[in-house]
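Visitor: Sharing a structure with you now.
Rule-based calculations on the coordinates, nothing more; no lab input. Small disclaimer: the values here were computed from a predicted structure and weren't measured. Cβ atoms come from the backbone with ideal geometry, glycine included; neighbour counts cover every protein chain shown.
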Amino acid sequence: MGFISILLLVAVATAWAVLAVVSVWRVVAKTEVHTAKLESVSVLKPLCGVDEDLEANLRSFFEQDHPSFEIVFGIEGSRDPALALVTRMQNEFPHVRSTVVVHEGGFGINPKMSNLRAMLEHVSNDLILISDSNVRAPAHYLREMGGQMAEPGVGLVTNIFAGTGEESIGAALENLHLNSTIAAGVAASNEVLLHPAVVGKSMVFHRSHLEKLGGFATVADVLAEDYVIGRMFHEAGMHVRLARTPLQNVVRETSVKSFVMRQVRWGMIRVRLVPLAFVLEPLASPLFVACVCAMLGAPLISTFAWALLTTVLRDYAIWTLLRGRAGFLRAMPLVLVRDSLVFAAWVIAIFAKHVTWRGKRVRVSAGTRLYIERPAY
């Protein structure tokens, strides 16, 4: 019985590793969708402080080759240092229509959604694209997203991401995880399992369609607003698609602690939204499976050799598909550390009840609903 269990566990983990690579390959190998006339699009950029490489990230949006677009920036508070940077970029690109919305917040417990809701009345187009501040895009990005949206029945388009720019151990862990497990999970969910997993760092849809489904107000107090929005479109019978181009997610300097806490926050989302899949997640890790197999009596050396080889090959293949081979050899020694920390975060997420986001500590309940708890007197 133990031998059969070991074979089954090894088969499941190996099959998932293959599926992960194939799923990401399916995304990046897609044929670009062309359309005769692109719809005008409004890019919504919520900002909070000056993130790493923010100027270069924003520049990539001012340099888009889409024939008709605008950029709307949202900033909470006139003292935010991002305001001066955006003003400088506007002066550098006067031919690009852009607007800065400075507001005082209070439009939702989720700080990103509060920022987006404040920006909405300044948006000119029905087609809106939400993009985070740490995203860097190629010049054809808006064109590609618009072409995908023009396909019949498509309600929302999102992307997978390539973590880039690592200069610290924490950043290397972050990008190694983004360029393997996260990309694979999003790609497999959308391309194979047909269970849309939307990444809020980049999503485009028609505002009028979302408003018919409840609008931004529906997710103003939700932690996983991107996942919920994706499910709203899916349940309404509209297609959720992944665009072919991976976007750069720039992470240069972050601590190991920040990496772990981000995994805890993502884990808290998954355990509340897809609990069965969350429970099964460790089986996708060959190194975790190797530990279980060893306890069942599998030979240590061959079992862990299989696990390490499978993990490295999977990570190398996905990393290469997303950003080429550069940087992988420097990140590879962290594979064991990454998987250990991710598993620790997985355990913590089961019991965690609060998250701190942009300096605000809130309670996360069922469905990732957010609550501000009363202070203790």
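Visitor: To the nearest 20 debye, what charge dipole does the stretch 9-106 have about its Cα centre, counting +1 at the Cβ of each Lys and Arg and -1 at the Cβ of each Asp and Glu?
Guide: Approximately 340 debye in magnitude.
Visitor: Can you put Arg117, Arg314 in order, fewest other beta carbons within 10 Å first?
Guide: Taking fewest neighbouring Cβ atoms as first place, the list is Arg117, Arg314.
Visitor: How large is the Rg to Rh ratio of the stretch 229-377 when both quantities use alpha carbon positions and Rh follows Kirkwood?
Guide: Radius of gyration relative to Kirkwood radius: 1.02.
Visitor: Something else about it: Rank Ile130, Phe107, Val96 by how far each Cα sits towards the positive end of the charge dipole of the stretch 89-141 (+1 on Lys, Arg Cβ; -1 on Asp, Glu Cβ) and give me just the farthest.
Guide: Ile130
Visitor: Relative contact order for the stretch 192-273: what percent, with Cα pairs under 8 Å and sequence separation of 6 or more?
Guide: After rounding, I find 30 percent.
Visitor: Further question: For the stretch 118-193, what does the alpha-carbon gyration tensor say about shape, rounded, prolate or oblate, given a ≥ b ≥ c as the root eigenvalues, a/c under 1.5 as rounded, and a/b over b/c as prolate?
Guide: oblate
Visitor: Would you mind pulling out the separation of the Cα centroids of the stretch 73-116 and the stretch 281-354, in Å?
Guide: If you average the Cα positions of each part, the centres end up 39 Å apart.
Visitor: Is the shape of the stretch 44-174 rounded, prolate or oblate, going by the alpha carbon gyration tensor and its root eigenvalues a ≥ b ≥ c, with a/c under 1.5 for rounded and a/b larger than b/c for prolate?
Guide: On the way: a/c = 1.31, a/b = 1.07, b/c = 1.23.
Verdict is rounded for the stretch 44-174.
Visitor: Relative contact order for the chain using alpha-carbon pairs under 8 Å, separation at least 6, rounded to a whole percent?
Guide: Relative contact order here is 22 percent.
Visitor: Any idea which of Gly165, Ser202, Gly237 is furthest toward the positive side of the dipole for the stretch 164-241, if Lys and Arg beta-carbons carry +1 and Asp and Glu beta-carbons -1?
Guide: Gly237
Visitor: Here is a follow-up. Need one number: % antiparallel among DSSP beta bridges in the chain, to the nearest 5. All intermediate terms of the calculation are to be shown ahead of the outcome.
Guide: Values: 17 of 43 bridges.
Antiparallel bridges: around 40 percent, rounded to the nearest 5.
Visitor: Further question: So what is log10(I(q)/I(0)) for the stretch 297-377 at q = 0.12, 0.20, 0.21, 0.26 1/Å, when the Debye sum runs over its Cα atoms only?
Guide: -0.63, -0.96, -0.99, -1.20
Visitor: Distance cut-off 19 Å, Cα to Cα: go down the list Lys212/Lys360; Lys45/Lys112; Lys112/Lys360; Lys257/Lys360 and report the pairs above it.
Guide: Cα-Cα > 19 Å for Lys212/Lys360; rest within.
Visitor: Find which of Ile75, Ala17, Phe3 sits farthest along the positive direction of the dipole of the chain, computed with +1 on the beta-carbon of Lys and Arg, -1 on that of Asp and Glu, about the Cα centre.
Guide: Phe3
Visitor: With just the Cα atoms defining each centre, how far is the stretch 217-259 from the stretch 121-142? Give it in Å.
Guide: One Cα centre to the other: 14 Å.
Visitor: Mind checking which helices in the chain clear 30 Å along their axis (Cα) and have mean Kyte-Doolittle hydropathy of 0.0 or more, DSSP H runs only?
Guide: Those that pass (Cα extent of 30 Å or more, hydropathy at least 0.0) are 2-28, 300-323.
Visitor: Another question, then. Would you calculate a helix-derived [θ] at 222 nm for the chain, using -39,500 (n - 2.57) for each DSSP H run of n ≥ 4 and dividing by the full residue count, to the nearest 500?
Guide: So the calculated ellipticity at 222 nm is -14500 deg cm²/dmol.
Visitor: Largest first and in whole Å, give the semi-axes of the stretch 214-271's equivalent ellipsoid, each being the square root of 5 times a Cα gyration tensor eigenvalue. Don't skip to the end; give the middle numbers.
Guide: Numbers: eigenvalues 140, 61, 21 Å².
So the equivalent ellipsoid measures 26, 18, 10 Å along its semi-axes.
Visitor: Additional query: Quick check for me: using +1 on Lys/Arg Cβ and -1 on Asp/Glu Cβ, what's the dipole size of the chain about its Cα centre, in debye to the nearest 20?
Guide: Around 660 debye, computed over the chain.
Visitor: How would you rank 90-101, 73-84, highest first, on the average number of other Cβ atoms within 10 Å across their residues?
Guide: Packing proxy ranking, top to bottom: 73-84, 90-101.
Visitor: While we're looking at this one, here's another question. For the chain, how big is the tail of P(r) above 41 Å, as a whole percent of Cα pairs?
Guide: Details: 8671 of 70876 pairs.
Cα-Cα pairs in the chain separated by more than 41 Å: 12 percent.
Visitor: Can you tell me the dipole magnitude for the stretch 226-377 around its Cα centre, using point charges on the Cβ only (Lys, Arg +1; Asp, Glu -1), in Debye to the nearest 20?
Guide: Roughly 620 debye for the stretch 226-377.
Visitor: Below 8 Å between Cα atoms, with a sequence gap of 6+, how large is the relative contact order for the stretch 60-101 in percent?
Guide: 57 percent
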